[in-house]
Amino acid sequence: MRFKDKAVVVTGGGKGIGRAVSLAFGSEGARVLIGFSSDERAAAETAEDIRKSGAEAAACRVDVTRKSECEAFVDMAVELFGRIDICVNNAGVSTMNWVVDLTEEEWDFNMDVNAKGVFLSCQKEVKQFLSQGGGGRIVNVASIAAKRPAMLLAHYAASKYAVLGFSKTLAQEVAQHGITVNCVCPGFVRTAMQEREVGWEAKLRGLSREKVLEEYISATPLGRLEEPEDVASVVLFLASDDAGFMTGQAINVAGGTEMAV
Ligand SMILES: NC(=O)c1ccc[n+]([C@@H]2O[C@H](COP(=O)([O-])OP(=O)(O)OC[C@H]3O[C@@H](n4cnc5c(N)ncnc54)[C@H](O)[C@@H]3O)[C@@H](O)[C@H]2O)c1
């Protein structure tokens, strides 16, 4: 029970990686507020699953592209739990296209949710940590696309590179207050996002879905698709006391797909 009674917020916490993170914190005794934008039912189910395991959990709407909602989300956690200890900024989107065909709308959509969403979330979270007297853990979910080329995902890669640059700078600014800011960089994770991407990539490159999935696996030295739980366990490590002297790091959790730091 590494996180007994710790107050945790997870954006996009009802599905995919966010759900695995929320459940993992719940299983270690944390109190979890799960953010959802469009998928209220999934978030409510995840909260219910955590409550069944004996921990405290609730779900709350938050569109991370809206400053007022990011603020209200943290305020809700404080109302429920009295404080926040750990924030996992996981909400994210992707679309796929060749750069020559990429629309401004696609660019803005990816940058708004993935980059601006992390900024707005972190800003409120840090203000709350400071009002509590300092201390606190932030883990931002980036991607290996923040470190290497990702065909058809130039706009997404740009948004995730932005997450790394922002997180490292924030880590430097808030270290004096005992707040750590780290990122995880997942690879090819079996979620609804991957399902959508496999379909787009197959169409855009004229391949079968099976061939696209084969390519993902062959790009992964450990030889299988990644599971949301593979990411969750590293998120929990970064939020734990064991990682107390780590900040400004971007940890690859990708079966060896990316080996550079
Ligand atoms: N699946 C992968 O292969 C993979 C790889 C690397 C990084 N990631 C990152 O992991 C994170 C989670 O992705 P996932 O694979 O679980 O995808 P997913 O589509 O299953 O989940 C994404 C979550 O983000 C939420 N979300 C989307 N827009 C939002 C908004 N405006 N405000 C609040 N929430 C919003 C969704 O509702 C959903 O709950 C994302 O940041 C994604 O970029 C995923």
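Let's see how each residue does on (1) under 25 Å from ALA250 (Cα atoms); (2) in contact (Cβ under 8 Å) with a residue 12 or more places away in the chain; (3) within 11 Å of the ligand (Cβ to nearest atom):
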{"site": "ALA24", "(1), (2), (3)": "yes, yes, no"}
{"site": "GLU28", "(1), (2), (3)": "yes, yes, no"}
{"site": "GLU45", "(1), (2), (3)": "no, yes, no"}
{"site": "ARG61", "(1), (2), (3)": "no, yes, yes"}
{"site": "GLU79", "(1), (2), (3)": "no, no, no"}
{"site": "GLU104", "(1), (2), (3)": "no, no, no"}
{"site": "ASP112", "(1), (2), (3)": "yes, yes, yes"}
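Name every residue in the range 1-40 that is within 27 Å of ARG196 (Cβ to Cβ) and assigned to a loop (DSSP other than H, G, I, E, B), in order of residue number. Residues satisfying the conditions are THR11, GLY12, GLY13, GLY14, LYS15, SER37, SER38, ASP39.
Is it the case that the range 176-187 has a residue that's more than 9 Å from the ligand (Cβ to nearest atom), over 20 Å from the mean Cα position of the chain (by Cα) and in a helix (DSSP H, G or I)? Yes: the range 176-187 contains one or more residues that are more than 9 Å from the ligand (Cβ to nearest atom), over 20 Å from the mean Cα position of the chain (by Cα) and in a helix (DSSP H, G or I).
Scan ILE251, ILE217 and give me the residue that is at pLDDT 95 or above, in contact with a Cys (Cβ under 9 Å, 6 or more places away or on another chain) and either within 10 Å of the ligand (Cβ to nearest atom) or of a type in the set (A, V, I, L, M, F, W, C) (or both).
On the way: ILE217 fails: in contact with a Cys (Cβ under 9 Å, 6 or more places away or on another chain).
The match here is ILE251.
Residues in the range 191-213 include none that are within 11 Å of the ligand (Cβ to nearest atom), of a type in the set (Gly, Ala, Ser) and either crowded, with 21+ Cβ neighbours inside 10 Å or at pLDDT below 95 (or both).
This table checks each residue for (1) assigned to a helix (DSSP H, G or I); (2) more than 17 Å from CYS183 (Cβ to Cβ); (3) among the aliphatic types (A, V, I, L, M); (4) more than 9 Å from the ligand (Cβ to nearest atom).
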| position | (1), (2), (3), (4) |
| --- | --- |
| ARG83 | no, yes, no, yes |
| VAL100 | yes, yes, yes, yes |
| LYS124 | yes, yes, no, yes |
| PHE129 | yes, yes, no, yes |
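Taking the range 113-151 as the range and being more than 18 Å from the chain's Cα centre (by Cα) and buried (at least 20 other Cβ atoms within 10 Å of the Cβ) as the test, only PHE129 passes. Being among the aliphatic types (A, V, I, L, M) and over 22 Å from ALA91 (Cβ atoms), is that true of even one residue in the range 189-203? Scanning the range 189-203, I find at least one residue that is among the aliphatic types (A, V, I, L, M) and over 22 Å from ALA91 (Cβ atoms), so the answer is yes. All conditions but one from (1) within 30 Å of GLY134 (Cβ to Cβ); (2) more than 10 Å from the ligand (Cβ to nearest atom); (3) assigned to a helix (DSSP H, G or I) apply to VAL163; the one that does not is (2). Please verify whether ALA43 is in contact with a Phe, Trp or Tyr (Cβ under 6 Å, 6 or more places away or on another chain), modelled with pLDDT of 95 or more and assigned to a helix (DSSP H, G or I), treating the condition exactly as stated. For ALA43, the condition - in contact with a Phe, Trp or Tyr (Cβ under 6 Å, 6 or more places away or on another chain), modelled with pLDDT of 95 or more and assigned to a helix (DSSP H, G or I) - is met.
The values are calculated or read from the model by the stated rules, or taken from the named source; none is laboratory data. Please read all numbers here as calculations on a predicted model, not as lab measurements. Quick reminder, even Gly has a Cβ in these numbers, built from the backbone with ideal geometry, and neighbours come from all protein chains shown.
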